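What follows is one structure encoded as structure tokens, with my remarks underneath.
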């Protein structure tokens, strides 16, 4: 991975105005720090060129914002209808960082396509973002959600916030790409 020519910092507050719904100021600062770190070590010149993946060319930023907003709305419904408490700071922080590592997991090619980088080819999706979240001191509750938010993870998210994020992320992929889920019937015999 190499740095591109000097490029200005991202305006994370402008890209993701939902960040201001996080009450914990330290979380907001760390989210900004992680996005800047990934941005400045990426090969991208324009953040709007970052796609969801090499297969899904839809832009990443609208996808990420949709995931954050859907997660917030699901939390609203859970709290108002089921009287369940959702930790908004954990949910929104994880939602803002869940796919940030895509900046270094793949990059642009000279012919305008997108390919996996060494990081993207070596580590599973979300590993690098989780590594940075741990490195910069975000709590384990957020780091676990980032790591387990993807179907590529070996584990399903443990917390309510993680489960919300997992499902809304997959729902948004349906809107931007196609349905990747399939249903299989399993028969369990109990004695």
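Tell me yes or no: at least one residue of the range 148-155 is in a helix (DSSP H, G or I), within 13 Å of the chain's Cα centre (by Cα) and without any contact (Cβ under 8 Å) to a residue 60 or more places away in the chain. Looking for residues that are in a helix (DSSP H, G or I), within 13 Å of the chain's Cα centre (by Cα) and without any contact (Cβ under 8 Å) to a residue 60 or more places away in the chain, one finds at least one in the range 148-155, hence yes. Kindly indicate whether any position in the range 74-87 is in contact with a helix residue (DSSP H, G or I) (Cβ under 9 Å, 6 or more places away or on another chain), at pLDDT 95 or above, surrounded by fewer than 20 Cβ atoms within 10 Å (Cβ to Cβ) and farther than 20 Å from residue 141 by Cα. No, every residue in the range 74-87 fails to be in contact with a helix residue (DSSP H, G or I) (Cβ under 9 Å, 6 or more places away or on another chain), at pLDDT 95 or above, surrounded by fewer than 20 Cβ atoms within 10 Å (Cβ to Cβ) and farther than 20 Å from residue 141 by Cα. If you go through the range 89-123 and keep only what is more than 21 Å from residue 57 (Cβ to Cβ) and either assigned to a helix (DSSP H, G or I) or under 13 Å from the mean Cα position of the chain (by Cα) (or both), you end up with 89, 90, 91, 92, 93, 94, 95, 96, 97, 118, 122. Inside the range 12-53, residues that are under 17 Å from the mean Cα position of the chain (by Cα), in a loop (DSSP other than H, G, I, E, B) and surrounded by fewer than 16 Cβ atoms within 10 Å (Cβ to Cβ) make up a count of 0. Checking the structure you have, find out if any residue of the range 58-66 is more than 30 Å from residue 110 (Cβ to Cβ) and either free of Cβ contacts under 8 Å to residues at least 60 places away in the same chain or not in a loop (DSSP other than H, G, I, E, B) (or both). Yes, because at least one residue in the range 58-66 is more than 30 Å from residue 110 (Cβ to Cβ) and either free of Cβ contacts under 8 Å to residues at least 60 places away in the same chain or not in a loop (DSSP other than H, G, I, E, B) (or both).
The condition of being at pLDDT 95 or above, on the phi > 0 side of the Ramachandran plot and in contact with a helix residue (DSSP H, G or I) (Cβ under 8 Å, 6 or more places away or on another chain) holds for only one of 162, 137, 129, that being 137.
The values are calculated or read from the model by the stated rules, or taken from the named source; none is laboratory data. As the structure is a prediction and not an experimental result, all values here were calculated from the model. So basically every Cβ, Gly included, is an ideal-geometry build from the backbone, and we count neighbours across all protein chains shown.
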